[in-house]
Amino acid sequence: LQKSLNEIFGADKYSRARKEVLTYMFSRPMQMALYFCTGVVEDETLFRHYALNVPFYTHFTSPIRRYADIIVHRLLSASLGASSPIKMEKEDIQRQAEHCNDRKMASKRVQELSGDLFFSIFIRVRA
């Protein structure tokens, strides 16, 4: 797909913008990952990472970025015995995960609307 996009859009000053917008639009339908507490989810097939083809997967980045990453770091550290156990019930962790999912979805929607606005202005200016 990337090779096709590179060949189609040429080399004018707007080619990179067209390619980025369409690449973003192609990736929109992909299912977003969701945070959840494994202690409240019984279906272990939900723990797998489809693209990486691994049965158990957790994702986190630097804990300075998102609250969900802080929670994952703390839980992983506690599960490895590197820190004291977390003083949260699994239902509380699940509520935090759901809140993080809600915020992530809202952020994604704002990003999509911003992209739509840019694209419509771009089309209007180029027409």
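Count, please, the residues in region 8-20 that happen to be assigned to a helix (DSSP H, G or I) and modelled with pLDDT of 75 or more.
Counting residues in region 8-20 that are assigned to a helix (DSSP H, G or I) and modelled with pLDDT of 75 or more gives 6.
Any residue in region 36-52 that is of a type outside the set (S, T, N, Q) and touching a residue at least 60 places away in the same chain (Cβ under 8 Å)? Steps first, answer last, please.
Our first condition is that a residue be of a type outside the set (S, T, N, Q); within region 36-52, this holds for 36-37, 39-44, 46-52.
The next check asks that each one be touching a residue at least 60 places away in the same chain (Cβ under 8 Å); those that pass are 36-37.
Yes, region 36-52 contains a residue that is of a type outside the set (S, T, N, Q) and touching a residue at least 60 places away in the same chain (Cβ under 8 Å).
For region 37-59, what are the residues that are open to solvent by less than 70 Å² (accessible area, probe 1.4 Å) and under 15 Å from Gln96 (Cβ atoms)?
Answer for region 37-59, where residues must be open to solvent by less than 70 Å² (accessible area, probe 1.4 Å) and under 15 Å from Gln96 (Cβ atoms): Cys37, Gly39, Val40, Val41.
Tell me which residues, restricted to region 66-81, are part of a loop (DSSP other than H, G, I, E, B) and either touching a helix residue (DSSP H, G or I) at 6+ places or on another chain (Cβ under 9 Å) or under 16 Å from Asn101 (Cβ atoms) (or both).
Arg66
Identify, from the list Ile64, Ile70, Ile86, the residue that is among the β-branched types (Val, Ile, Thr) and surrounded by fewer than 10 Cβ atoms within 10 Å (Cβ to Cβ).
On the way: Ile70 fails: surrounded by fewer than 10 Cβ atoms within 10 Å (Cβ to Cβ); Ile86 fails: surrounded by fewer than 10 Cβ atoms within 10 Å (Cβ to Cβ).
Result: Ile64 is the single residue among Ile64, Ile70, Ile86 that is among the β-branched types (Val, Ile, Thr) and surrounded by fewer than 10 Cβ atoms within 10 Å (Cβ to Cβ).
Only one of (1) open to solvent by 60 Å² or more (accessible area, probe 1.4 Å); (2) part of a helix (DSSP H, G or I); (3) touching a helix residue (DSSP H, G or I) at 6+ places or on another chain (Cβ under 7 Å) is not met by Thr23, so which one is it?
(1)
Out of all the residues in region 47-56, which are at pLDDT 85 or above and part of a loop (DSSP other than H, G, I, E, B)?
Selection gives Pro55, Phe56.
Can you report the number of residues in region 84-105 which are over 19 Å from Val41 (Cα atoms) and within 12 Å of the chain's Cα centre (by Cα)? Spell out the reasoning first.
Residues of region 84-105 over 19 Å from Val41 (Cα atoms): 84-85, 87, 103-105.
From what is left, the residues that are within 12 Å of the chain's Cα centre (by Cα) are 103-105.
So the count comes out to 3.
Would you be able to say whether some residue in region 66-85 is without any contact (Cβ under 8 Å) to a residue 12 or more places away in the chain, within 29 Å of Val110 (Cα to Cα) and of a type outside the set (S, T, N, Q)?
Checked region 66-85: at least one residue is without any contact (Cβ under 8 Å) to a residue 12 or more places away in the chain, within 29 Å of Val110 (Cα to Cα) and of a type outside the set (S, T, N, Q).
Would you call Ile123 in a helix (DSSP H, G or I) and under 13 Å from Tyr35 (Cα atoms)? I'd like the intermediate steps shown before the answer.
Details: in a helix (DSSP H, G or I): yes; under 13 Å from Tyr35 (Cα atoms): no.
No.
The values are calculated or read from the model by the stated rules, or taken from the named source; none is laboratory data. Just so it is clear, the model here is predicted, and its values are computed rather than measured. We place every Cβ from the backbone using ideal geometry, glycine too, and count neighbours over all the protein chains shown. Please note that ligands, DNA and RNA were not included when accessible areas were found on the heavy atoms of the full protein model with its side chains. Shrake-Rupley method; radii C 1.70, N 1.55, O 1.52, S 1.80 Å.
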